[in-house]
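Asks: If you scroll down you'll find the structure; I have some questions about it.
The values are calculated or read from the model by the stated rules, or taken from the named source; none is laboratory data. A quick note: this is a predicted structure, and the numbers were derived from the prediction, not measured. Here Cβ is always computed from backbone atoms with ideal geometry, including for glycine, and neighbour counts include all displayed protein chains.
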Amino acid sequence: MNPPPGREESLQGQAIEWLMRMEEAPDDQAARAEFERWLSRSDSHRRAYEAVELVWGSSSQLAPLPRERREAVRAASPWRRLCHRGAVLAVTGAAACLAFFTVPTLQLRLSADHITGTAELRDYVLEDGSRIALDAASAVAVDYTASRRSVRLLAGQAYFEVTPSRERPFVVAAGPIDVLVTGTAFNVTTTRTGVDVAVRSGTVNVTRNGNERLAALTAGQRLRVADGGGSSEGVIDPQDIGAWRDRRIVVYDTSIRDIVEQVGRYMPGVIVFGDSRIADSRASGIIDLRHPADALRALVDLQQGRVMQVTPFLTVISSR
């Protein structure tokens with residue numbers, strides 16, 4: 001048995017410690033009584049524990065951690081503190097990291113016409129013959145009128161093949177970005193750091209907030225629009241655009257944070273960074289989405305980091 005959580009730790013850190021203690025010794029009545037006293041100290045204590053349960057999974061539904069997993073988590077090394085702080089990051093970042101688990105059941109599922117789950121790819125044919133390939137953990141809403149065809153990318157990414165119509169333009173909205181086309185094939189990706197548009201064939205016009213013209217893109221061109229407002233253009237092999245439809249992604253000088261977000265669509269649970277240096281570093285290459293866990297470890301290993309699966313629903317990335 002480990003000592004009780006220290007007073008100097010954050011409430012989330014204490015809550016994580018208590019969750020682990022209760023998993024290790026669910027029948028220890030003395031520990032249970034001490035835990036109940038800790039919970040009753042304030043509403044903040046109870047909310048902190050409920051938030052930790054959200055990340056780690058309800059203890060009534062999760063199988064106990066194997067002994068070797070508990071020992072790895074408790075090891076007297078930077079990992080013990082990493083486990084605490086990584087999980088605290090998961091708690092404080094739960095709104096973002098768990099967005100696809102919580103929001104779809106409330107907002108996304110109410111707003112979306114088409115939605116996919118973890119590692120699920122789907123193709124849809126719209127009423128005019130245009131096609132949408134929807135990546136894993138993604139969602140779109142479709143609004144067709146007599147004069148305009150509109151699709152809003154609510155989450156994740158999608159590949160579009162648009163039936164030409166000059167009288168009825170096709171517009172894809174992603175955050176503040178609008179992509180206007182008449183007939184073309186292109187990919188739109190949303191991440192927590194911005195929006196990417198890449199054109200495989202034809203031409204698209206990209207605007208922001210409905211009026212600010214950002215770029216006119218043709219085949220093999222891409223545009224990255226950051227949440228901070230900046231934008232940058234680049235080139236890409238057209239054959240690599242939408243490669244995720246074949247369970248692979250091709251990345252060019254892309255942040256590890258954004259790559260991990262894409263890989264995470266194929267893995268259950270939450271992936272948390274315990275080291276911002278790794279998250280902010282950049283990489284280029286081909287990622288095999290058929291084996292996402294292996295791809296994630298290989299990617300992080302190249303950044304001198306390591307991946308630790310704390311539970312089936314929580315993965316932590318840290319420096320070595």
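Asks: Among T203, T254, T207, which is the only one that is under 21 Å from F160 (Cα atoms), out of contact with any Asp or Glu (no Cβ under 6 Å at 6 or more places or on another chain) and free of Cβ contacts under 8 Å to residues at least 40 places away in the same chain?
Replies: Checking each option against the conditions leaves just T203.
Asks: Quick check on the range 163-200: of everything there that is in contact with a helix residue (DSSP H, G or I) (Cβ under 7 Å, 6 or more places away or on another chain) and part of a strand (DSSP E or B), which residue is modelled with the highest pLDDT?
Replies: R200
Asks: Of all residues in the range 265-278, count the ones that are buried (at least 17 other Cβ atoms within 10 Å of the Cβ) and more than 22 Å from F160 (Cα to Cα).
Replies: 9
Asks: Any idea which of A136, A141 is under 26 Å from G117 (Cα atoms) and either in contact with a Cys (Cβ under 8 Å, 6 or more places away or on another chain) or in a loop (DSSP other than H, G, I, E, B) (or both)?
Replies: Step by step, each of A136, A141 is checked, and only A136 is under 26 Å from G117 (Cα atoms) and either in contact with a Cys (Cβ under 8 Å, 6 or more places away or on another chain) or in a loop (DSSP other than H, G, I, E, B) (or both).
Asks: Could you check the range 268-285 and list, in sequence order, the residues that are within 18 Å of the chain's Cα centre (by Cα) and either modelled with pLDDT of 95 or more or part of a strand (DSSP E or B) (or both)?
Replies: Matches in the range 268-285: V270, I271, V272, F273, R282, A283.
Asks: So, in the range 284-320, exactly how many residues are crowded, with 17+ Cβ neighbours inside 10 Å and under 24 Å from G234 (Cβ atoms)?
Replies: The total comes to 5.
Asks: OK, next. Within the range 244-251, can one find any residue that is touching a Cys at 6+ places or on another chain (Cβ under 7 Å) and either part of a strand (DSSP E or B) or at pLDDT 90 or above (or both)?
Replies: No: the range 244-251 contains no residue that is touching a Cys at 6+ places or on another chain (Cβ under 7 Å) and either part of a strand (DSSP E or B) or at pLDDT 90 or above (or both).
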